[in-house]
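The block underneath contains the structure these notes are about, expressed in structure tokens.
The values are calculated or read from the model by the stated rules, or taken from the named source; none is laboratory data. Only a predicted model underlies this, so the values are computations on that prediction, with no experimental measurement involved. Here the Cβ is made from the backbone with ideal geometry for all residues, glycine too, and neighbour counts use every protein chain on show.
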Amino acid sequence: MNRLEDFFYNQPHRICQKWKHYFPIYERFFSKFQNKPDFKILEIGVSQGGSLDMWRNYFGDQALIVGIDVTEHCKTFETGNTKVRIGSQQDPEFLKSVIDEFGDFDVILDDGGHMMEQQITSFLSLYAHVKFGGFYVVEDCHTSYQEQFGGGIRKPDSFIELAKRKIDELNGLHVQGYHREFNTDFTRTTLGMSFYDSVVVFEKGEVAPIESVQAGS
């Protein structure tokens, strides 16, 4: 049981709902940020406030935790270095206002409405504002396969299909002819992508020039 699981199951906090297999994923990518004084996380989807408590316990008192939600009541969860802004993740202007206020983030975590347009709009608006060395994480990607969320198996405008297409951009420098379509800002600023059941993690960083090397005799 990692620290996040211990807090989730054994410590007092507001209501929080997660899939059990998410906790090892969080630990794998987020552990390096624990107690880092200048750390900033943006969580899309505040709900009943329990995840804000969990992140505060995990990242420490000095972390800046920003949550966004469409429900006005979520504003009551704001305290100290935990900030809450009310607005839609589907509204690029609202998302821009959050970035204008708080700057870029080490982690952006989408646990919002899970509708296709919401996930896609948030990703396209916010990915550029993840710091190098940070992560953009989209949870509950199983909704990409569910019609009530605008998804469906191999539906072109689902988030998971967008993520699949981003694999081509990740490898864009190898596309014959270096077509501009594939050699993008995403190509130059993404070190890797990790796919798990219902979760996609994008690792942000400065991509070094690619070269093939050989050593040995």
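Scan the range 68-88 for residues that are part of a strand (DSSP E or B) and not hydroxyl-bearing (Ser, Thr, Tyr) and report the count. Give the derivation first.
Of the range 68-88, the ones part of a strand (DSSP E or B) are 68-69, 79, 82-86.
Restricting the remaining residues to those that are not hydroxyl-bearing (Ser, Thr, Tyr) gives 68-69, 83-86.
Summing the residues that are part of a strand (DSSP E or B) and not hydroxyl-bearing (Ser, Thr, Tyr) in the range 68-88 gives 6.
Need pairs with beta-carbon distance below 9 Å; first residue under 14 Å from ALA208 (Cα atoms) and within the range 173-195, second basic (Lys, Arg) and assigned to a helix (DSSP H, G or I); sequence gap 6+ or separate chains.
LEU173/ARG188; PHE186/LYS166; THR190/LYS166
Give the residues of the range 167-217 that are under 21 Å from LEU109 (Cα atoms), out of contact with any Phe, Trp or Tyr (no Cβ under 6 Å at 6 or more places or on another chain) and of a type in the set (A, V, I, L, M, F, W, C), sorted by residue number.
Residues satisfying the conditions are ILE167, LEU170, PHE186, LEU191, PHE195, VAL199, VAL200.
Conditions (1) surrounded by 15 or more Cβ atoms within 10 Å (Cβ to Cβ); (2) of a type in the set (A, V, I, L, M); (3) modelled with pLDDT of 95 or more, marked per residue:
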| position | (1), (2), (3) |
| --- | --- |
| GLN90 | yes, no, yes |
| PHE102 | yes, no, yes |
| LYS131 | yes, no, yes |
| PHE149 | yes, no, yes |
| GLY172 | yes, no, no |
| GLY177 | no, no, no |
| SER194 | no, no, yes |
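Which of (1) touching a strand residue (DSSP E or B) at 6+ places or on another chain (Cβ under 9 Å); (2) over 23 Å from SER88 (Cα atoms) is the odd one out, the single condition ASN35 does not satisfy?
Going through the list (1) touching a strand residue (DSSP E or B) at 6+ places or on another chain (Cβ under 9 Å); (2) over 23 Å from SER88 (Cα atoms), ASN35 breaks only (1).
Among (1) closer than 26 Å to GLN148 by Cα; (2) touching a Pro at 6+ places or on another chain (Cβ under 9 Å); (3) surrounded by 19 or more Cβ atoms within 10 Å (Cβ to Cβ), there is one condition ASP53 misses while meeting the rest; what is its number?
The one condition ASP53 does not meet is (1).
With among the aliphatic types (A, V, I, L, M) and not in a strand (DSSP E or B) as the only criterion, which of LEU4, LEU42 stands out?
Numbers: LEU42 fails: not in a strand (DSSP E or B).
Step by step, each of LEU4, LEU42 is checked, and only LEU4 is among the aliphatic types (A, V, I, L, M) and not in a strand (DSSP E or B).
Please go through the range 89-122 and give me each residue that is of a type in the set (A, V, I, L, M, F, W, C) and outside any helix (DSSP H, G or I), ordered by number. Even if it seems obvious, please write down each step before you answer.
Just the residues of the range 89-122 that are of a type in the set (A, V, I, L, M, F, W, C), to begin with: 94-95, 98-99, 102, 105, 107-109, 115-116, 120.
Within the range 89-122, PHE105, VAL107, ILE108, LEU109, MET115 meet the criteria.
Taking VAL137, is it touching a Gly at 6+ places or on another chain (Cβ under 7 Å), buried (at least 21 other Cβ atoms within 10 Å of the Cβ), aliphatic (A, V, I, L, M) and in a strand (DSSP E or B)? Break it down into steps so the answer makes sense when it comes.
Numbers: touching a Gly at 6+ places or on another chain (Cβ under 7 Å): no; buried (at least 21 other Cβ atoms within 10 Å of the Cβ): yes; aliphatic (A, V, I, L, M): yes; in a strand (DSSP E or B): yes.
No.
Suppose the filter is at pLDDT 95 or above and either surrounded by fewer than 15 Cβ atoms within 10 Å (Cβ to Cβ) or closer than 29 Å to THR143 by Cα (or both); does SER212 pass it? Break it down into steps so the answer makes sense when it comes.
Numbers: at pLDDT 95 or above: no; either surrounded by fewer than 15 Cβ atoms within 10 Å (Cβ to Cβ) or closer than 29 Å to THR143 by Cα (or both): yes.
In short, no.
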